[in-house]
Every structure is written in structure tokens, then in C-alpha cells.
Amino acid sequence: MDETQQAAVSAIASKAAYGGGGTAFVSGLISNEVGVICGIVVGVAGLLVSWYYKAKQDRREQAEHEQRMRK
């Protein structure tokens, strides 16, 4: 994946994490256990995907920085 695609996936994952958290919260208010569980799963999955792509971006930026410093 190129940098633009990774940024898009990271943005979507972040929104999914917020959506999952919101779903869990609302489902908790209306006492829907299935909704709470689904919201938590979606939220955690979104956070994990976001973390993965942010870490990948950090490694790429660090490599670019080291290359600039060698010049």
C-alpha cells in the first residue's frame, strides 16, 4: 500500500473506533447486550487497525529522517 492508502485506512479505522464506542455506549443505555458487545468489538478492532498504521507511518518517517540526517 502506498502512503495515501495507508492514511485513508488509518482515518477509517479511527472513525470505526469512535463508531464502535458510540454504539457500545448507546446500546448500554438501552440495555441491548448484543449491541454493547458488537460496539466494543468494532471499537477495539478500529483501535488496533489505527495503531498498526500509525506505527507503520512512524517507522517510515523515522527511516526518512535517518536518511536525511546521513546526507
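So here's what we get for this one:
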item: Hits in the range 1-22 - residues which are in contact with a Phe, Trp or Tyr (Cβ under 7 Å, 6 or more places away or on another chain) and either β-branched (Val, Ile, Thr) or without any contact (Cβ under 8 Å) to a residue 40 or more places away in the chain (or both); result: 9
item: Of all residues making up the range 3-22, the number that are among the acidic types (Asp, Glu) and crowded, with 16+ Cβ neighbours inside 10 Å; result: 0
item: Qualifying residue in the range 23-46 (condition: in contact (Cβ under 8 Å) with a residue 40 or more places away in the chain and open to solvent by 90 Å² or more (accessible area, probe 1.4 Å)); result: no
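The values are calculated or read from the model by the stated rules, or taken from the named source; none is laboratory data. Note that this is a predicted model, so its numbers are computed, not measured. A quick note on method: Cβ atoms are made from the backbone with ideal geometry, for glycine too, and the neighbour counts reach across all protein chains shown. Accessible surface is based on the protein model in full, side chains and every heavy atom, while ligands, DNA and RNA are left aside. Shrake-Rupley method; radii C 1.70, N 1.55, O 1.52, S 1.80 Å.
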